[in-house]
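The values are calculated or read from the model by the stated rules, or taken from the named source; none is laboratory data. All values reported here derive from a predicted model rather than from experimental measurement. Neighbour counts run over all protein chains shown; Cβ positions are idealised from the backbone, glycine included. Surface accessibility is based on the protein's heavy atoms, side chains included, excluding ligands, DNA and RNA. Shrake-Rupley method; radii C 1.70, N 1.55, O 1.52, S 1.80 Å.
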Amino acid sequence: MAGMVATVVMLGPPASGKGTQAARLREGSGYEVLSTGEVLRGARAAGTELGSRAGRYMDRGELVPDELVVAAIEDALQGLGERPTVLDGFPRTVAQARALGDAPAGRGRRVDAVILIDIPDDEVVRRILMRHQGRSDDTLETARERLRAYHGQTEPLIAYYEERALLRRVDGGRAMTSVEHDIAAALTAGTHPPPARRGDGHPSGPDRYTPL
Ligand code: ADP
């Protein structure tokens with residue numbers, strides 16, 4: 001896993017393919033995947049207090065309050081130790097991003113790269129209604145609310161991570177394998193390989209990568 005970045009955040013609207021691409025990174029490169037949606041649905045299925053509180057927001061298509069999500073994710077992250085991890089669905093607010101960075105030693109993570117998988121709103125709604133996963137939040141009404149939450153609360157993270165030079169945009173509207181390829185290229189570009197040595201005729205520096 002030489003040159004692998006340790007913590008990758010998947011950002012993007014609902015149904016943009018974050019979970020699918022996170023799973024591909026797990027299979028292809030051995031990343032651990034931490035999906036907030038799955039953690040919350042698991043807590044719900046297990047009947048925990050956190051799960052039932054979170055479930056009320058999820059069913060309305062609203063974001064679960066930061067303090068609930070942060071508590072759940074910090075525990076899960078701690079269990080993963082230092083293993084390279086893809087965060088699917090976290091952070092989703094600027095407050096969550098700050099909590100991730102500011103968490104007490106050993107619980108937080110320095111984010112190395114943020115992949116924004118971009119798809120237009122009408123495609124979001126179309127995909128949510130088509131996939132019929134049996135999730136209680138996959139209806140037209142909640143799809144619209146999830147989009148509203150994305151634009152209002154999650155989109156500010158684009159500027160937040162752009163300012164920190166961590167954001168890489170990927171067009172999520174194409175075939176899954178093309179998206180996967182772009183993500184792999186974006187992650188490689190982010191590892192800052194050593195600069196090319198003069199005169200060896202082998203471009204090993206950042207120049208060989210297409211800027212995004
Ligand atoms: P999608 O990306 O398709 O919306 P997820 O499984 O990631 O699906 O999320 C489902 C729901 O779980 C969200 O609509 C929200 O209610 C809740 N959720 C997931 N992650 C977070 C988070 N980081 N902060 C707040 N709520 C979250």
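For this structure, a couple of remarks:
- In segment 7-192, the portion of solvent-accessible area held by carbon and sulfur atoms comes to 50 percent [1.4 Å probe, whole percent, DNA, RNA and ligands not counted].
- A straight chain from Ala184 to Glu27 at 0.36 nm per residue would run longer than the Cα-Cα distance by 55.3 nm.
- Packing-based order for 110-117, 137-144, 174-181, using average beta carbon neighbours within 10 Å, highest first: 110-117, 137-144, 174-181
- The mean sequence separation of alpha-carbon pairs under 8 Å and at least six residues apart, normalised by the residue count of segment 30-152, gives a relative contact order of 29 percent.
- In nm, spacing of pseudo-spin labels at Arg131 and Ala159 (7 Å Cα→C-beta vector): 2.9
- Per-pair calculated FRET efficiency, R0 = 41 Å: Gln78 and Asp121 via Cβ, rounded to 0.05: 0.70
- Loop-resident sites, segment 37-136, for GluC sites (Glu not before Pro), counting at most 10 other Cβ within 10 Å (DSSP): Glu82
- Cα-projected label distance for Leu140 with Ala46, points at 7 Å along beta-carbon direction, nm: 3.7
- What segment 7-192 shows is 48 Å² of accessible area per residue, with the surface traced by a 1.4 Å probe over protein heavy atoms.
- Using R0 = 25 Å, the C-beta based FRET efficiency linking Thr20 and Arg60 works out to 0.50.
- Semi-axis lengths, Å, segment 7-192, gyration tensor of Cα atoms, sqrt of 5 times eigenvalues: 23, 21, 15
- Amide hydrogen neighbours beyond the local backbone of Thr7, cut-off 5 Å, H modeled: Thr85, Asp112, Ala113
- Chain lengthening between Ala71 and Thr177 when straightened (0.36 nm per residue, less Cα-Cα): 34.8 nm
- Sum of side-chain charges, Ala23 neighbourhood, beta-carbon under 12 Å (Lys, Arg +1; Asp, Glu -1): -2
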